[in-house]
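K.L.:
Can you read through this structure? Questions will come right after.
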Amino acid sequence: MREIRDGSYERPHRPAESEGGPPADRRTAIRQAALRLFAAQGYRATTMIEIGAAVGVRGPSLYKHVASKYELLAEIMTGTMERLIADHTAAVAGADSVRDRLRRAVEAHVRYHARHRLEAFVGNREIGSLEPPDQDRVLGRRSDYERRFRELIERGAAEGAFEVRSARIASYAILDMGIGVAGWFREDGEFSVDDIAYRYGDIALRIVGARAGV
C-alpha cells in the first residue's frame, strides 16, 4: 500500500493513565500505542520508552507486560492476517452462489481496511522489519488469503458465472483496491463503510466479468 503523506497518522500524546489495571487490558493498551507509533514514525524509529510513555508505564514496568517492541510488531501483523482470514471465512459461510460469496468476501475485505487503517498501513509497510519465522508466517497467511479469492474466481469461471482471463490477476486487483481504502477513507467522509463496501463489491464483480442472473 502507498505511504500516507497527508498527516493522517499523528504522533499520539501521553494520556493521563496510571500503571494499574488488569494485565490483559494493559497489554492491549500497549499494543495500540505501539501501533499508533509504528504508523506515525515507523517501527525502527520507535522506542520502548516512547511506547511506555504513551500509556503511562515507566521503565521496567513495561517489560512486565511485553518483552520487546518486536514482539508487538509480530503480534500486530500476525493478528491482522488472522482477522482478515476469519472475516473472509465468516463472510462466505452464509452465501449460496459463488457470485454472492465473492461479493461478501470483497465487502469484508473493504470493511476491515476502512475500520483498521493503522493495522493495514503498518502491515504493508513493515513486512521487511519482520524476521523468520514471523515473516514467513505472515507471508504464508497472505498467500492463503489471496488464494481464497482466487479460488472463488476460478470456481465462478468454471461454473460460467464469471468470464475472466486470469483469476490470479483479478484477485490481485480486487485485493489491492480494497487495501487502498485504508489510505483515503474517513469516518466523516461522504460515504459510510457499508456504502463503500457495497460499491466495491459491484466493481469486483465487473472485474471478474460476472454475468447477470448467474
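K.L.:
Farthest toward the dipole's positive end in segment 159-214, which of Ile179, Gly201, Ser166, given Cβ charges of +1 (Lys, Arg) and -1 (Asp, Glu) about the Cα centre?
P.N.:
Result: Ser166.
K.L.:
Measure nothing fancy, just the Cα-based angle from helix 98-115's long axis to the longest principal axis of the chain, in degrees from 0 to 90, nearest 10.
P.N.:
Tilt relative to the chain: about 20 degrees.
K.L.:
Still on this structure, please answer the following. Segment 173-214 to segment 40-103: how many Å between their Cα centroids?
P.N.:
Rounded to whole Å, the Cα centres lie 23 Å apart.
K.L.:
Would you mind checking the tilt of helix 193-207 against the longest principal axis of the Cα atoms of the chain, expressed as 0 to 90 degrees and rounded to 10?
P.N.:
With both axes taken from Cα atoms, the answer is about 40 degrees.
K.L.:
Could I ask something else about it? Springs between alpha-carbon atoms under 10 Å, Gaussian network over the chain: tell me which of Ala120, Ala86, Ala170 tops the mean-square fluctuations.
P.N.:
Fluctuation is largest for Ala86.
K.L.:
Taking segment 166-211, which chymotrypsin sites (Phe, Trp or Tyr not before Pro) meet the DSSP loop condition and have no more than 15 other C-beta atoms within 10 Å? Write out the running numbers ahead of the final one.
P.N.:
On the way: sites: Tyr172, Trp184, Phe185, Phe191, Tyr198, Tyr200; in loops: Phe185, Phe191.
Listed in order of number, the matching sites are Phe191.
K.L.:
Only Lys, Arg, Asp and Glu count, each charged at its Cβ (+1, +1, -1, -1), so figure out the dipole size of the chain about its Cα centre, rounded to 20 debye.
P.N.:
Values: 34 positive and 32 negative charges, 48 e Å.
It works out to roughly 240 debye.
K.L.:
Further, regarding this structure: Which residue, Glu151, Glu190, Glu131, has the most motion in a Gaussian network model of the chain that connects Cα atoms within less than 10 Å?
P.N.:
The residue that fluctuates most here is Glu190.
K.L.:
In addition: Once you charge only the Cβ atoms, +1 for Lys and Arg and -1 for Asp and Glu, what is the size of the charge dipole of segment 58-137 about its Cα centre, to the nearest 20 debye? Let's see the in-between values first.
P.N.:
On the way: 13 positive and 12 negative charges, 72 e Å.
With Lys and Arg at +1 and Asp and Glu at -1, about 340 debye.
K.L.:
With a/c under 1.5 counting as rounded, go ahead and sort segment 112-155 into rounded, prolate or oblate using the C-alpha gyration tensor (a ≥ b ≥ c being the square roots of the eigenvalues; past the cut-off, prolate if a/b is larger than b/c, else oblate).
P.N.:
Oblate, since a/c reaches 1.5 and b/c is not below a/b.
K.L.:
Which value at 222 nm does the chain reach when only helices count, each DSSP H run of 4 or more adding -39,500 (n - 2.57), with the total divided by all residues and rounded to the nearest 500 deg cm²/dmol? All intermediate terms of the calculation are to be shown ahead of the outcome.
P.N.:
Values: 8 runs with 137 residues, N = 214.
Value at 222 nm, helices only: -21500 deg cm²/dmol.
K.L.:
Go through 68-79, 135-146 and give me the packing order, highest mean Cβ count within 10 Å leading.
P.N.:
Descending mean neighbour count gives 68-79, 135-146.
K.L.:
For mean projected area of the Cα convex hull in nm², pick the label among (i) 13.3; (ii) 16.1; (iii) 10.7 that corresponds to the value derived from the coordinates.
P.N.:
Computed from these coordinates, mean projected area of the Cα convex hull in nm² corresponds to label (i).
K.L.:
Okay, moving on. Would you work out the charge dipole size for segment 23-67 about its Cα centre, treating the Cβ of every Lys and Arg as +1 and the Cβ of every Asp and Glu as -1, and quote it to the nearest 20 debye?
P.N.:
Dipole magnitude for segment 23-67 comes out near 80 debye.
K.L.:
Set the Förster radius R0 to 35 Å, insert the Cβ-Cβ distance between Asp144 and Arg206 as r into 1/(1 + (r/R0)^6), and round the FRET efficiency to 0.05. Walk me through the intermediate numbers first.
P.N.:
Details: r = 26 Å, r/R0 = 0.73.
So the FRET efficiency works out to roughly 0.85.
K.L.:
Which one of Arg44, Arg99, Arg147 has the biggest mean-square fluctuation once the chain is modelled by GNM with Cα springs under 10 Å?
P.N.:
Looking only at Arg44, Arg99, Arg147, the biggest GNM fluctuation is shown by Arg44.
Every number here is computed from the coordinates shown, using simple stated rules; none is lab data. Just so it is clear, the structure is predicted and the values come from calculations on it, not from any experiment. Positions of Cβ are generated from backbone atoms using ideal geometry, with glycine treated the same way; all protein chains shown enter the neighbour counts.
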